[in-house]
Each structure stands twice: as structure tokens, then as C-alpha cells.
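My questions all concern the structure below.
The values are calculated or read from the model by the stated rules, or taken from the named source; none is laboratory data. Since the structure is predicted, the reported quantities are computational estimates derived from the model, not experimental observations. Cβ placement follows ideal geometry from the backbone for every residue including glycine, while neighbour counts extend to all protein chains displayed. Quick note on the areas: whole protein, heavy atoms, side chains included, nothing else; ligands and nucleic acids left out. Shrake-Rupley method; radii C 1.70, N 1.55, O 1.52, S 1.80 Å.
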Amino acid sequence: MPKISCESYPKSLEEARRRLEEGELVVHPTEAVYGFGGFLDAVPLGRLRGLKDRPAGGFVVLVPSAGSVAGLLDAAGGALARAFWPGPLTLVLDDPGDRFPPGAKAADGSVAVRVPDHPVTLRLLRDAGRPITSTSANRPGATPARTAGEARREALALGAELFALDAGPLPGGAPSTLVRLGADCPKLIRRGPHDPLQLSEVMGLPLPAPPPAAEGGRGRAGGG
């Protein structure tokens with residue numbers, strides 16, 4: 001990914017943060033494609049569910065650093081975070097203390113988090129000081145948007161006019177690798193850019209993979 005200086009985006013970042021604070025959704029870049037995102041408040045979460053036609057939550061949550069989920073990462077999760085964050089690895093964590101709101105979590109109460117490896121979105125997260133949701137910028141069944149213009153057109157087709165942080169064309173590719181942590185042995189929920197053997201070596205634990213038919217992110221909105 002080419003290096004992008006966030007100094008060239010001050011007004012756009014300020015506008016995106018303002019809109020987020022007003023409860024709106026925005027278009028933001030990830031390593032591969034553009035996403036729709038908002039703060040983890042009731043209004044933007046409801047708007048995102050409506051936009052993606054999802055009756056419940058289960059969205060990927062982007063955080064500015066591993067410190068944002070301190071206390072939720074076990075030893076295996078901490079090792080993965082140190083090795084692969086920022087980057088396209090999503091960790092599905094138990095959240096018994098309800099640090100994250102129910103509308104951002106899956107039916108089993110887990111939350112899917114990652115630190116994105118895109119300088120513009122990472123700067124937005126750090127400036128805002130809060131996590132945001134991330135789901136691919138596309139209509140259900142459509143190809144995820146690789147440009148900000150495509151993402152805005154997809155949003156319009158879904159009935160929403162969204163502000164976009166335009167970071168130029170993105171490379172596309174597989175969504176993030178998804179690993180479920182917790183009391184049981186870590187499990188690979190969705191294959192992605194990372195080699196499962198490498199993940200297993202970093203954790204020092206086996207990483208069972210699901211049958212191909214079971215993959216797909218446990219009902220989470222894709223793209224994160």
C-alpha cells in the first residue's frame with residue numbers, strides 16, 4: 001500500500017469526525033476496500049443496520065490500538081495483536097463486562113475488533129478517540145467498492161448520501177482473516193490474507209479451521 005500523508009487530509013478528517021459526532025455514517029478506506037462506518041451509538045448503529053438490511057448487530061469494530069481492548073485479549077490474542085496489528089486480522093473476543101454496546105456485537109455477545117492498517121482511517125480513529133464500525137461499502141451481494149466514488153454510489157443506491165474520505169483506488173482482495181478467541185482453543189472462522197500456519201506459530205497453539213461451508217464470518221457484516 002502506498003504511503004499516504006494524513007497532513008494532506010486535515011479538512012476531510014475534520015469533516016468526517018464532525019459527521020461521526022453528529023451520529024452520521026461515513027465512507028472510510030481499509031487496506032482492501034472502502035467501508036461504511038459510524039460510532040457505536042444507538043443512532044448510527046441503527047442506520048448501519050438499515051443500510052445493510054441487517055436486523056441485528058455483529059459488525060466489525062475498528063479500534064486505534066490494541067490498548068483499546070486491553071483486558072479482553074488473552075495470551076494468544078495479545079501475541080496475535082503484537083504480530084499482526086495494524087493489519088487485516090480481526091479478532092473475535094468475549095466481552096463479559098459489556099465494554100462494547102450490544103448493537104455492535106454478535107448474538108453470542110462477542111465483539112469482532114481490529115486495528116486497520118490504513119493511515120487515513122487510523123488517523124481518524126486516533127483523532128476521534130473512539131472506535132467505529134466497519135462493513136464493506138456495497139449493497140448486499142454486490143462487489144465491495146474500491147474507490148470512494150463507487151462507495152458513495154453504493155450508499156446512494158441504498159438510500160443514503162454519505163461523506164467519503166477519499167484515499168484513492170484501493171487494491172481489493174480478501175476480507176480480513178477472522179479468528180475466534182476465548183476459553184476454548186482459538187478457531188479460524190474466516191480465511192484471509194494471513195497464513196493460518198503463521199497465526200498458529202505466533203500463538204503457539206493449533207488453529208482449527210472450519211469446514212468450507214461454515215466460513216463467512218458468523219453473520220458479521222463483511223468487509224472489515
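Does segment 1-126 classify as rounded, prolate or oblate by the C-alpha gyration tensor (a ≥ b ≥ c root eigenvalues; a/c under 1.5 gives rounded; else a/b over b/c gives prolate, otherwise oblate)?
Verdict is oblate for segment 1-126.
Please give every one of the aspartates and glutamates within straight-line cross-link reach of Lys11, meaning a C-alpha to C-alpha distance under 18 Å, and leave out same-chain neighbours fewer than 8 residues apart.
Glu21, Glu22, Glu24, Asp127, Asp166
Once the Cα atoms of helix 119-128 and of the chain are each reduced to a long axis, what angle between those two axes, in degrees from 0 to 90 to the nearest 10, is obtained?
Once rounded, one gets 80 degrees.
Further question: How much accessible area per residue does segment 1-125 have, counting only protein heavy atoms and a probe of 1.4 Å, in square angstrom? Don't jump to the answer; show the numbers that get you there.
Numbers: 4950 Å² over 125 residues.
With the other protein chains kept in place, segment 1-125 gives 40 Å² per residue.
Quick one: angle between helix 42-51 and the longest Cα principal axis of the chain, in degrees between 0 and 90, rounded to 10, please.
Compared with the principal axis, the helix lies near 90 degrees.
Assigning unit charges at the beta carbon (Lys, Arg +1; Asp, Glu -1) and nothing else, what dipole magnitude in debye, to the nearest 20, does the chain show about its Cα centre?
Values: 26 positive and 24 negative charges, 52 e Å.
Magnitude of the dipole: close to 240 debye.
So for the chain, taking the charge dipole from beta-carbon charges (+1 Lys/Arg, -1 Asp/Glu), which of Ala148, Gly192, Pro206 sits furthest toward the positive end?
Ranked along the dipole, the leading option is Ala148.
To continue, here is another question. What is the calculated FRET efficiency for Ala75 to Arg191, with r their C-beta to C-beta distance and R₀ = 30 Å, to the nearest 0.05?
Working: r = 23 Å, r/R0 = 0.78.
After rounding, the FRET efficiency stands at 0.80.
Using every alpha carbon pair in segment 142-215, what percent of pairs falls into each 5 Å bin from 0 up to the bin containing the largest distance?
Binned Cα distances yield the sequence 3, 14, 18, 15, 11, 11, 13, 11, 4, 0.
I want to check the label-to-label distance for Arg99 and Ser65. Put each point 7 Å from Cα in the C-beta direction and report it in nm to one decimal.
1.4
Separate question: Considering the alpha-carbon set of segment 123-165 alone, what are its Rg and its Dmax in angstrom?
Rg and Dmax of segment 123-165, Cα atoms, are 11.7, 33 Å.
At Ala174 and Arg139, where each label point lies 7 Å from the Cα along Cα→Cβ, what is the point-to-point distance in nanometres?
About 2.9 nm, to one decimal.
As I understand it, the value is the acute angle between the Cα axis of helix 10-21 and the longest principal axis of the Cα atoms of the chain; what does it come to in degrees, rounded to 10?
On a 0 to 90 degree scale, this one is about 70.
Using just the Cα positions, wrap the chain in a convex hull and report its mean projected area in square nanometres, one decimal place. Let's see the in-between values first.
Values: hull surface 45.0 nm².
Across all orientations, the chain yields a mean hull projection of 11.3 nm².
Which FRET efficiency value, to the nearest 0.05, is calculated for Leu205 and Ala107 with the Förster distance at 25 angstrom and r the Cβ-Cβ distance? Display every interim value, and only then the final one.
Details: r = 26 Å, r/R0 = 1.03.
Once rounded, the FRET efficiency stands at 0.45.
Give me the extension gain from Glu14 to Asp184: residue separation times 0.36 nm, minus the current Cα-Cα distance, reported in nm with one decimal. Write out the running numbers ahead of the final one.
Numbers: separation 170, 0.36 × 170 = 61.20 nm, distance 4.22 nm.
Using 0.36 nm per residue and subtracting the Cα-Cα distance, I get 57.0 nm.
Just to confirm my numbers, what's the Cα centroid distance between segment 85-130 and segment 31-84 in Å?
3
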